[in-house]
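Read the structure below first, then the notes.
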Amino acid sequence: MSRGEVITLDDTKMRIIAAAIKAVRQYGLEGVRIQNVSELAGISSGAIYRHFEGKDQLLVECFTYVDRQAAAIFEHLRFNPLRMLTDPMGAVKALWLPYFRFWTSHPDETVFYHRFRDSTFFPKYDKSRDVTYFKTFLGMVQAFKKAFPSLDRINQDLLWLHVLTSTVMYAKYVVEETLPNDQETEDTVFQLLTTGLSGYLKPDQPQKSGRK
């Protein structure tokens, strides 16, 4: 994290979270122990327990931290509503690509995020988590839905899971070097994720009334 960014956590807590994220990549979500985090953070286990009640709370706070970092990507994007009408798929890609690149440039966070979402921890956490930090992104989604009402015909939960989960999954393949980190991968992943979406990115045509 650069000095120009706002740090909302104190230095020790941030060190613990960063170490826990790295530890999960090394040992797995189930296999990681507080001692592993302690060693990577270079602080005592007691210091960790002064900030977190235990492993479960630490992992939840790690996920929230990473989720907020990903959501912040959309705060810095220039969103041109006019482009939705002239080049809808281009507009979608302009929003998606920085999100995908965030994950491919943060290997530890990507592996951690993927494992947490795929774990027994997530369903319970997901029911009560605060997602208001995705407000900017959700506003962009609403703008698309206003321009293309047919998007409402898609199951919104399935659409979100498809785009979000698949993006992180493919990014994980990149950081694990199963896929190359290049433009061809980006273009192919985007095409796979959006196949079928273009049919919904068309303004509704007014129905013509029949002549009596």
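Of all the listed residues (Val37, Val92, Val32), the sole one being over 15 Å from the mean Cα position of the chain (by Cα) and part of a loop (DSSP other than H, G, I, E, B) is Val32. Scanning region 94-131 for residues that are surrounded by fewer than 18 Cβ atoms within 10 Å (Cβ to Cβ) and among the charged types (D, E, K, R) yields Arg101, Asp118, Lys124, Asp126, Lys127, Arg129, Asp130.
The set of residues from region 132-153 being under 13 Å from Lys202 (Cα atoms) and open to solvent by less than 50 Å² (accessible area, probe 1.4 Å) comprises Phe144, Lys145, Ala147, Phe148, Ser150, Leu151. Among the residues making up region 26-50, those that are farther than 21 Å from Leu164 by Cα and either surrounded by 17 or more Cβ atoms within 10 Å (Cβ to Cβ) or aliphatic (A, V, I, L, M) (or both) are Val32, Ile34, Asn36, Val37, Ser38, Leu40, Ala41, Ile43, Ala47, Ile48.
The values are calculated or read from the model by the stated rules, or taken from the named source; none is laboratory data. Please read these numbers as outputs of a predicted model, since none were measured by experiment. Note: ideal-geometry Cβ built from the backbone for every residue, glycine included; neighbour counts use all protein chains shown. Areas reflect the complete protein model, heavy atoms only, side chains present, ligands, DNA and RNA absent. Shrake-Rupley method; radii C 1.70, N 1.55, O 1.52, S 1.80 Å.
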